[in-house]
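Report on the following structure.
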2 protein chains.
Amino acid sequence: MKNKVPYRIYLSEEQIPKYWYNMRADMKNLPAPLLNPGTLQPLVEAELTPVFPTACVKQELDNTTRYIEIPEPVREMYKIYRPSPMIRAYNLEKYLDTPAKIYYKFEGNNTSGSHKLNSAIAQAYYAKEQGLKSLTTETGAGQWGTAMSEACAYFGLDLTIYMVKCSYEQKPFRKSVMGVFGGKVISSPSNTTEVGKRILAENPGTTGSLGCAISEAVEKAVATDSCRYVLGSVLNQVLLHQSIIGLESKIALEMYDEYPDIIIGCAGGGSNLGGLIAPFIQDKLLGKTNPEIIAVEPASCPSLTRGRYAYDFCDTGKITPMAKMYTLGSGFIPSSNHAGGLRYHGMSPILSQLYDDGYMKATSVGQTKVFDAATLFSRLETILPAPESAHAIYTAIEEAKKCKESGEAKTILFGLTGTGYFDMTAYQSYMDNTMNDYIPTDEDLQKGFDTLPKV
Amino acid sequence: MKNKVPYRIYLSEEQIPKYWYNMRADMKNLPAPLLNPGTLQPLVEAELTPVFPTACVKQELDNTTRYIEIPEPVREMYKIYRPSPMIRAYNLEKYLDTPAKIYYKFEGNNTSGSHKLNSAIAQAYYAKEQGLKSLTTETGAGQWGTAMSEACAYFGLDLTIYMVKCSYEQKPFRKSVMGVFGGKVISSPSNTTEVGKRILAENPGTTGSLGCAISEAVEKAVATDSCRYVLGSVLNQVLLHQSIIGLESKIALEMYDEYPDIIIGCAGGGSNLGGLIAPFIQDKLLGKTNPEIIAVEPASCPSLTRGRYAYDFCDTGKITPMAKMYTLGSGFIPSSNHAGGLRYHGMSPILSQLYDDGYMKATSVGQTKVFDAATLFSRLETILPAPESAHAIYTAIEEAKKCKESGEAKTILFGLTGTGYFDMTAYQSYMDNTMNDYIPTDEDLQKGFDTLPKV
C-alpha cells in the first residue's frame, strides 16, 4: 500500500507558499476597471485610498505583477492554522461506488470556520502597517466577520461589523464569537448610518443583504478618523490573498501525482472559488492543462447563471464604485436562503470575466438538495459543512455519479470552505422539513435588473 | 532555523498507534474492582455483558494486557481525523513572556468537537461486531453524544442519547448536530424511564446531572432488545481507548527531542486526562521519568480536591455497579457550571488510584477565571476552546507564569480537548458579567457525602 494517498494530506509549514498568485497577470482579457459612479471614469489610487488600506488599493489595481510576496507577519499568522488539509473523500467515494477520486481542500479548521481568515489577516496587517486604528466591514454568514475579528485581535485594531439582519437572527451565537475576539457587531440595516436609515424607511421588513451591509460599513469607515473599510470577497485583492488555497492544493496533489480534471467551488462573491482555482486557471490560461471549472451558486441568488454581465454598484446604497460583473442588480434582495455567504447580487469581476471568456462553467442548486448533500457528507466524512460549502459538495457528488455512469476515473477537487457549527438553525429547518426552496421568478429578477445603472 | 518546532506538528497516517496502552498493566496498586451493589462482590464478566458490549466488558476487566490492538476498522475511521495536531503555543508564550515551552494536543478537529470520538468509534465498532442493533448513552456537554452519533452513523447503529437538562437548554444546537448524524436526543431527567420519573418527582426543578442521565440510559438499554449501553468517561476501557491521545503526543514531542516536565488536563470523569497521560505515567510508574501531572477540575464540582476516596454508585439512580473513586456522592448535584462535561460526581477509578498513590496532583478553578483564560487563548491562538478544555489552559498559564518567576524553561503539555462553538451561551454570559461562580460549601458537600453507600 506504499504511496497510497492518505485521508488527509498535510503539508509542512515550510511548504506554505511565500507568494500569492495574481491571476490578472495571465488573463487574456482583464476584468474591466472599477468606475467612479460620478465621472464614469476608471478609478485611480487616490480615489480608493480614503476607503481601503493603501496597500490593498495598490493590490486591487495591480493587473501585472504575477507573484506578490506574502509579508512575513502574515505568514506567521498563517502558520497558526495553515497549511490546511487536503482530504481524500474515501468514504464518500465508497458510498457513491464511483471510480472518481474525490479530494477536498478543507479551509474550516480555524475558529472563523472558513477560508475567510486568509484575506482577513492580510488586510488587517496592511491596515496596521499603515498606522490605522480601526476598520469596518460587513458580514453575511458571519464567517468573514469572525475572521476579521480574529485578525484585528491579533494585530490590535478595533473593528465594527455590519451583519446582514437575516444572518444576525439565524445565527444568534455568531455575534458572541465575534465578541470574544473583540468585534463590535451591528445588525444591518441599522440606524447608525444614513444609508441604513434610508433602506429601513423604504423597506422596513427587509432581512438585509450583503449589498446593504457594505453600504453601511463604507459610510461608517469614511466618516471615522484613522479608519478604513475592508471587504471579504468580490475584490481582486481578496482573490489574490485567497490564491493560497489553490497554491497549497496544487502542491498537495502533486505530491501524489494528481491533477484535477474537475474543480468545483461554491460562489457567492467568488473569494473561495477564485482562490481555489488560481494556479489551475493559470495552467489553463497558458494552455498547459484544461481542467473543467464549475462555480456553484444558490438557485435563490443566481448571479452567474441568470444574471447580466454589466456595470453595477457593489452595494445596495449605491455609494461604492461600480464594477463590471455578472449581477442581479444591486437592488435585488434574495430570499432568506441559509447560505448567507452566497446571498450577494454580484460576482467577482475576475471570475465574471473568466466566465464570460469561457474558462469556467456555472450551475445553481436549490437549498434542500444542498442540505441532502450536507447531511450525507457529514455522516460519511464526519465534517459538518457550512451551507455555502455544501453547494460544492452537491455538485461534486453529481459529477462523481456521472463518472460512475461513464466509468471514468476522473479526479475531482472541491473547496470545503468551512464548517456549519453556527448554521444549526438551518440544519434543524432541513430536518423539520420547513426549508424554503424559493427560486426567483423572471419577474423577481427583472426588478433587480431595473436597478442596474445606465452606463 | 532548522529543526525549529513548527506551530503544528502533524504525524503521518502511518504514525497512528496500532495499539492502545493499558495503564493497569503497570500500576503498582490496581484500581479497586467494580462491585455488585447487591452482593458487594467484585463483578464478573457475565454480570456486565447485559449492560455493555461484550468486547468492552473484557477490556474493562483486563488488568494485565499492556498493549491491546486497535481493530483495523477503528483505525480506518481514526484516519479521517487523526493524527490530531500537536501545537506549540508560540503566541501564548510570547504574550506571557515566559521561558516555558507550551504545547497542546488539540483533539477538537472533528465535528464531535472533542476527544470523545476516540472511544465512541471503538465502542460502536465492538457493538456492531457483536451484532447489536442499537445503543443508548448519556451526554453532558453534548460532545460525547455527538461523537457517539457520528460513530453510530458510520457503523450503522441506532442511538438514543439522554442529555443532561442544563446542557440541553444551554446548548440548543447540540441537539440538532446529533440529529444530523441520526442520534435521538432526550432531555434528562425524562419521563421515558422509571428512574427519570422518580428523580423528577423528588426534585422537579433539577437541571440534571451526568449521574442521572447515566441511570436513564442504562435502564433503557437493559430494557431494550439487542441494545447495550455505552459510556464516554470514567471506565477503564474509555481510558484505554483515549490512550491514543498520549501515545500520539509522545511520538510528536519525541520528533523534536521534547519531553514534558508538566502535563495538564481538565478532569471530569477523567477520559481526556487519563488518555493524555497514559504513556507518560507508564514512564513514571517504571521510574524512567518523573513529569508533574496536574488534574484541573471546576471549583463547582471538585471530586479530587474535595471529595472522598470511597465506593460509590456511578449514577444518581443507584442502578449501576459501585466503583471505588474520588467522589462527591452520587446524590451531589453540582451548580449549573457551563463546563457540562466536568459536572460529574466521581472520578475514573484508575485516576483515583493514581492520585491516591501520589502520581498526580489536582487543582480546582472557578468559572470566571476559566473564561478569562479561554478568551485570552482564543485571541492569541485563534482556537475557541470548550469551557472544559479551558480549565487546562488556565492552569497551563499559571504554570508558565511560575516559570517566568523562576526563570525555568519547563516544557508544559496540556490537552485541548475540544472547541467551544456550542458554548456561546456561556461565553456570552461571561461577556455580560452574569456568570455564576458558586462554589459548594462544606455543607453542600456533606449532603452529597450523605448519599454514599455504606460498604
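The values are calculated or read from the model by the stated rules, or taken from the named source; none is laboratory data. Everything quoted here is computed from the prediction, not taken from an experiment. Backbone-built Cβ (ideal geometry, glycine too); neighbour counts: all protein chains shown. Keep in mind that these areas ignore ligands, DNA and RNA; they rest on the heavy atoms of the full protein, side chains included. Shrake-Rupley method; radii C 1.70, N 1.55, O 1.52, S 1.80 Å.
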Legend entry - Complex-versus-alone comparison for segment B:164-183, residues with a loss of 40 Å² or more in accessible area, probe 1.4 Å: B:F173, B:S176, B:V180, B:F181
Legend entry - segment B:109-200: trypsin sites (Lys or Arg not before Pro) in DSSP coil with no more than 14 other Cβ atoms inside 10 Å: B:K133
Inset, instruction - Would you calculate, for chain B, the mean residue ellipticity at 222 nm contributed by helices, counting each DSSP H stretch of 4 or more residues as -39,500 (n - 2.57) and dividing by all residues, to the nearest 500? - result: -12500 deg cm²/dmol
Legend entry - segment B:317-382: C-alpha gyration tensor shape, a/c 1.5 cut-off, then a/b vs b/c: oblate
Inset, instruction - Report, to the nearest 10°, how far helix A:210-222 tilts away from the longest principal axis of the Cα atoms in chain A, using its own Cα long axis and a range of 0 to 90°. - result: 50 degrees
Legend entry - Heavy-atom accessible area, 1.4 Å probe, ligands and nucleic acids excluded: residues of segment A:416-433 down by at least 30 Å² from chain alone: A:Y421, A:F422, A:M424, A:Q428, A:M431
Legend entry - Ratio of the Cα radius of gyration of segment B:247-329 to 2.2 N^0.38 Å, where N counts its residues: 1.32
Inset, instruction - On the protein heavy atoms, probe 1.4 angstrom, tell me the percent of accessible surface of segment A:211-254 carried by carbon and sulfur. - result: 51 percent
Legend entry - Rounded if a/c under 1.5, otherwise prolate or oblate - segment A:80-174, Cα gyration tensor axes: oblate
Legend entry - For segment B:343-455: rounded, prolate or oblate by the Cα gyration tensor [a/c cutoff 1.5]: oblate
Inset, instruction - Please identify every one of the trypsin sites (Lys or Arg not before Pro) in segment B:265-341 that sits in a loop by DSSP and has no more than 10 other beta carbons within 10 Å of its own beta carbon. - result: B:K288
Legend entry - Label 7 Å beyond Cα on the Cβ vector: A:T64 copy-to-copy distances, nm: 8.1
Inset, instruction - Give the interface area between chains A and B as buried accessible surface, both sides summed, probe 1.4 Å, in Å² to the nearest 100. - result: 4000 Å²
Legend entry - Inter-site label distance for B:N191 and A:T224 at 7 Å from Cα along Cβ, in nm: 5.2 nm
Legend entry - Distance (nanometres) between label positions extended 7 Å along Cα→Cβ at B:D283 and A:K288: 4.6 nm
Legend entry - segment A:364-433 - percent of accessible surface contributed by carbon and sulfur, probe 1.4 Å: 46 percent
Inset, instruction - For chain B, find the longest principal axis of its Cα atoms and tell me its angle to the long axis of helix B:143-155, 0 to 90°, nearest 10. - result: 80 degrees
Legend entry - Cα long-axis angle, helix B:367-381 against chain B (0 to 90 degrees, to the nearest 10): 50 degrees
Inset, instruction - At 1.4 Å probe size, with every protein chain present, just tell me what the per residue accessible area of segment A:168-260 comes to in Å². - result: 34 Å²
Legend entry - Residues whose placed amide H lies under 5 Å from that of B:K101, excluding near-sequence neighbours: B:K410, B:T411, B:I412
Legend entry - Histogram of C-alpha separations across the protein assembly as shown, 20 Å bin width, %: 15, 48, 30, 7, 0
Inset, instruction - Heads up, I need the accessible area for A:E202: 1.4 angstrom probe, whole protein in place, Å², nearest 10. - result: 140 Å²
Legend entry - Other-copy label distances relative to A:G205, 7 angstrom Cα-Cβ extension, nm: 4.3
Legend entry - chain B: translational diffusion in µm²/s, Stokes-Einstein, Kirkwood Rh over Cα pairs, 4 °C, 1.567 mPa s: 60 µm²/s
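At 20 °C and a viscosity of 1.002 mPa s, what translational diffusion coefficient does Stokes-Einstein give for segment B:4-63, taking Rh as the Kirkwood radius over Cα pairs? Give it in µm²/s as a whole number. Write out the running numbers ahead of the final one.
Numbers: Rh = 14.9 Å.
D = 144 µm²/s.
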Inset, instruction - Report the accessible area of B:K250, computed with a 1.4 Å probe over the heavy atoms of all protein chains in place, in Å² rounded to the nearest 10. - result: 40 Å²
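At 1.4 Å probe size, with every protein chain present, just tell me what the per residue accessible area of segment B:32-147 comes to in Å².
Per residue, segment B:32-147 has 31 Å² of solvent-accessible surface.
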Legend entry - P(r) weight above 20 Å for segment A:161-224, C-alpha pairs, percent: 24 percent
Inset, instruction - Distance between Cα centroids, segment A:156-170 to segment A:80-131: provide it in whole Å. - result: 22 Å
Inset, instruction - Could you tell me the convex hull volume per residue, in Å³, taken over the Cα atoms of segment B:247-386? - result: 121 Å³
Inset, instruction - Provide, for q = 0.14 Å⁻¹, the log10 of I(q)/I(0) from a solvent-free Debye sum over equal Cα point scatterers in segment B:137-273. - result: -0.70
Inset, instruction - Output, in nm with one decimal and in ascending order, the distances from the A:Y259 label point to the matching label points of the other copies (7 Å from Cα along Cα-to-Cβ). - result: 4.9
Legend entry - Approximate spin-label separation A:K404-B:D158, in nm, with each point projected 7 Å along Cα-to-Cβ: 2.7 nm
